[in-house]
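Input: a single structure, listed below in structure tokens.
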Amino acid sequence: MNSMPSVARSQLLAIYERLHSFLGPSDWWPGETSLEVIVGAILTQNTSWRNVEQALARLKEEGALSVERLTRMGEEQLAEWIRPAGYYRIKARRLKNFFRFLQEDYHGQIGALGEQPLEKVRDQLLGIRGVGPETADSILLYALGKPTFVVDTYTHRIFSRHLLVPEESDYEGLRSFFMEALPGEVPLFNEFHALIVRTGKTYCKKKAPLCGDCPLRDLEPA
DNA sequence: CACCAGGCAAGTA
DNA sequence: TACTTGCATGGT
């Protein structure tokens, strides 16, 4: 079995509480449709959310933010409209891949997709070219309301720097670590990931070796 | 100017 | 299997 620091397991909820009290509630992806969350999840791959917002705004202006339109629209035109999000050609392809899957397996019904078991949908999403584990889990959690934990580069950076997980942990290892240590509640997974991203952006930048005024600074090794 | 952003897949050895 | 490279715009 995969061993992990026992300290970390017992302290995970405490870390969550700490981040939450420091940063306050995140209210992530709150008033949007599940469709917009799905499109945003693909567009934000290795890309700032600011850029994604421009692309989403363009799609809305064009009246193209519907399953029907996105399923039928030409890939070239889609690419042009999402251009501000970067990697626009490959992302247009990935979006079309998703909507082809949705049409063929669920008649274009996001609701029908959401009725299926978490692991089944996760496997199906991972089978789509251009949907990796983080995108799949983001769709599951934030669009479909399924209790899966979303891991990203910040998760690895923050928790490995604090020696709470091994540096060499991969995506599935990190996801298991959180899901086995925490109660499987959607609101908790939702808010915890949001807090991790916000902490990473503000206090745990790529090149910064120390935490500065990071809320977790006293977890630093001596 | 360099560097980074809520990844992923394809290519190489 | 384990690295490396391509994809691209926009903000700091």
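Computed from the coordinates by the stated procedures, all read-outs in this text should not be read as laboratory data. Bear in mind the structure is a predicted one, so any value in this text is a computation, not a measurement. Counting neighbours? That spans all protein chains shown, and the Cβs are built from the backbone with ideal geometry, glycine included.
Table for the structure above
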| read-out | value |
| --- | --- |
| Test result for A:S21, within 11 Å of DNA strand B (Cβ to nearest atom) and farther than 19 Å from A:T135 by Cα | no |
| Total residues in region A:126-142, condition in a loop (DSSP other than H, G, I, E, B) and within 6 Å of DNA strand B (Cβ to nearest atom) | 4 |
| Number of the condition not met by A:V197 [criteria: (1) in contact (Cβ under 8 Å) with a residue 24 or more places away in the chain; (2) more than 9 Å from DNA strand B (Cβ to nearest atom); (3) surrounded by 12 or more Cβ atoms within 10 Å (Cβ to Cβ)] | (2) |
| Residue check, A:N51 at positive phi and of a type in the set (S, T, N, Q) | no |
| Check on A:V150, under 16 Å from the mean Cα position of the chain (by Cα), in a helix (DSSP H, G or I) and either in contact (Cβ under 8 Å) with a residue 24 or more places away in the chain or buried (at least 18 other Cβ atoms within 10 Å of the Cβ) (or both) | no |
